[in-house]
Amino acid sequence: MKKALVLGGTRFFGVHLVEALLEKEFEVTIATRGKTEDSFSTKVNRIIVDRLDLREFKHLLDKETWDIVFDQICYSSQEALAAIEVFKDNTKKYVFTSSKSVYNVGNAETGYVEEDFIPIEHPIVIGPKEDFTYNEGKRQAEAVLFQKAPFPVVAVRFPIVIGVNDYTERLKFYVEKVVNQEEIHLVNLEAAMDFISEEEAGQFLAWIGLSDFTGPINATSNGSVKLQEMIYIIEEKAKASAKIISTDNEDNISPYNISETWLISNEKAKELRFEFRELKEYLPELVEDLMKVVK
C-alpha cells in the first residue's frame, strides 16, 4: 500500500485531498498541531507536531518513508528549508500548496501563466514567515523547494478557494451584507476574479500528486466573474439589492476588493487532462448554500 503524508490544512479543501487519497487506497497520515478535530475517524493515522519546531518536526517525521508528501502549511523560506531537511531521504514526491499570489508581473488581465514567476531564478532570503508578506513568503518557499530540494516538487498555485466549509468566510461576507442590507465597499465592479471550489482543490492536489508532473502549475475553475456579476448572483438569490459604496470603514471593508482584473490560466493543467468545473455553473449553488447559514 502506498503512503501519503498530509501536513496541515485538514479543515477545508484538505478534507477532499484526504478523501481522494483514501479512495485511491493510500495509507494516509495527517500531521497537524492537533487543535482542530478532523472527520476521518479510524481511516487515517495522526501525528501531532509543530512544524516550526525543527527538532520535533524531524524527530516525529523523518523515520517514515512516504510516496508523496502534501504540504498545506508552508509560508516561508525557513519552513521550506526545514521541510527539505526532514524529508530529503524519505519521500518520492513533494506537493506544495502555493498561491497565485506569487505573481506580480505579467498577464493579470488575460491570466497569469506558470512562466510569469520562475522560482529557480528568484533570489532566496532565508527567514520566518513574519519577515515576508504572504505573497513573498510563498515565492520564497517555492524558490527554496525548486532550488534546493533533492526530491521532485510540484507547486500548485491556487486562486482563492471557495466552499461552504471556508472558515475565512470571505464569500459569506458578501452574502451576509446583501441579505442584511449592509454596505459593501468595492472600488471596481468591473474587475474580474477566478476561483476554485474546495472539492476541486482537494481533488487536484491528489491528482497532480499521483501524476508524473513536476514543477509549478496553476489550478483554477474554468471561467471568471466580474465583481458586479458576483453581486448580481447574490442579489438574485437573496431577492435584495446590494448597497455598494466607494468609501471604506471598518465594517464594510471587503475581502475581494481588487482594483483590477486578477486571473490565472489553467491551460497547462487542462493539457494534462484535468477537468475543471465551470465557475458560473456552481457559484449560484454555492451562494444558495451560504444563504442557509448567514446571520
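The values are calculated or read from the model by the stated rules, or taken from the named source; none is laboratory data. If you're wondering where the values come from, they're calculated on a predicted model, not measured in any experiment. Backbone-built Cβ (ideal geometry, glycine too); neighbour counts: all protein chains shown.
If only one of F26, F40 is surrounded by fewer than 17 Cβ atoms within 10 Å (Cβ to Cβ), assigned by TED's automatic domain parsing to the domain that holds A82 and aromatic (F, W, Y), which one is it? Write out each step before concluding.
On the way: F26 fails: surrounded by fewer than 17 Cβ atoms within 10 Å (Cβ to Cβ).
Just one listed residue meets the conditions, F40.
From the residues in segment 241-266 that are loosely packed, with under 12 Cβ neighbours inside 10 Å and among the acidic types (D, E), which one is nearest to A108 (Cα to Cα)?
Checked segment 241-266; the qualifying residue nearest to A108 (Cα to Cα) is E260.
Regarding T168, is this residue modelled with pLDDT of 95 or more, surrounded by fewer than 18 Cβ atoms within 10 Å (Cβ to Cβ), among the β-branched types (V, I, T) and on the phi < 0 side of the Ramachandran plot?
Values: modelled with pLDDT of 95 or more: no; surrounded by fewer than 18 Cβ atoms within 10 Å (Cβ to Cβ): yes; among the β-branched types (V, I, T): yes; on the phi < 0 side of the Ramachandran plot: yes.
In short, no.
For segment 70-78, indicate whether the set of residues that are hydroxyl-bearing (S, T, Y) and modelled with pLDDT under 95 is non-empty. Give the derivation first.
Within segment 70-78, the subset hydroxyl-bearing (S, T, Y) is 75-77.
From what's left, modelled with pLDDT under 95: none.
Among the residues of segment 70-78, not one is hydroxyl-bearing (S, T, Y) and modelled with pLDDT under 95, which makes the answer no.
Out of S246, S254, which single residue is modelled with pLDDT under 95 and either under 30 Å from F213 (Cβ atoms) or within 21 Å of the chain's Cα centre (by Cα) (or both)?
S254
Check E19, E56, E85, E79 and return the single one that is among the acidic types (D, E), in a helix (DSSP H, G or I), assigned by TED's automatic domain parsing to the domain that holds K129 and within 23 Å of T133 (Cα to Cα).
E79
It is to be established whether one or more residues within segment 102-111 are over 20 Å from the mean Cα position of the chain (by Cα) and at pLDDT 95 or above.
No, every residue in segment 102-111 fails to be over 20 Å from the mean Cα position of the chain (by Cα) and at pLDDT 95 or above.
Of everything in segment 171-188, what is within 24 Å of A219 (Cα to Cα) and exposed (fewer than 15 other Cβ atoms within 10 Å of the Cβ)? Give them in sequence order.
none
Being touching a residue at least 40 places away in the same chain (Cβ under 8 Å), on the phi < 0 side of the Ramachandran plot and part of a loop (DSSP other than H, G, I, E, B), is that true of even one residue in segment 31-43?
Step one: filter segment 31-43 for residues touching a residue at least 40 places away in the same chain (Cβ under 8 Å), giving none.
No, segment 31-43 has no match at all.
Out of everything in segment 1-16 that is assigned to a loop (DSSP other than H, G, I, E, B) and not charged (D, E, K, R), what residue ends up being surrounded by the fewest Cβ atoms within 10 Å (Cβ to Cβ)?
Restricting attention to segment 1-16, the residues satisfying the condition of being assigned to a loop (DSSP other than H, G, I, E, B) are 1-2, 8-12.
This time we only want the ones that are not charged (D, E, K, R), so: 1, 8-10, 12.
Details: M1: 6, G8: 19, G9: 21, T10: 23, F12: 18.
Per the criteria, the residue is M1.
Checking A238 against (1) surrounded by 20 or more Cβ atoms within 10 Å (Cβ to Cβ); (2) in contact with a Phe, Trp or Tyr (Cβ under 9 Å, 6 or more places away or on another chain), only one condition comes out false. Which one?
Answer for A238: the failing condition is (2).
Which residue pairs have Cβ atoms under 7 Å apart, sit 6 or more places apart or on different chains, and have a first residue in segment 113-138 that is assigned by TED's automatic domain parsing to the domain that holds S98 and within 25 Å of E267 (Cβ to Cβ) and a second that is among the charged types (D, E, K, R) and surrounded by fewer than 18 Cβ atoms within 10 Å (Cβ to Cβ)?
E114/K268
Considering only residues that are in a helix (DSSP H, G or I) and outside the structural domain of Y174 (by TED's automatic domain parsing), which ones fall in segment 200-233?
If we filter segment 200-233 for residues that are in a helix (DSSP H, G or I), which is where we start, we get 200-210, 227-233.
Matches in segment 200-233: E200, A201, G202, Q203, F204, L205, A206, W207, I208, G209, L210.
Is segment 236-259 home to any residue that is among the small types (G, A, S) and closer than 30 Å to P152 by Cβ?
Let us first name the residues in segment 236-259 that are among the small types (G, A, S), namely 238, 240-242, 246, 254, 259.
Right, trim to closer than 30 Å to P152 by Cβ and you get none.
No: zero hits.
Residue by residue, here is whether (1) closer than 23 Å to L145 by Cα; (2) among the aromatic types (F, W, Y) holds:
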| residue | (1), (2) |
| --- | --- |
| F26 | no, yes |
| N45 | no, no |
| R55 | yes, no |
| T65 | yes, no |
| D71 | yes, no |
| I84 | yes, no |
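Hey, can you tell me all the residues within segment 27-45 that are farther than 18 Å from K3 by Cβ and among the β-branched types (V, I, T)?
Answer for segment 27-45, where residues must be farther than 18 Å from K3 by Cβ and among the β-branched types (V, I, T): just T36.
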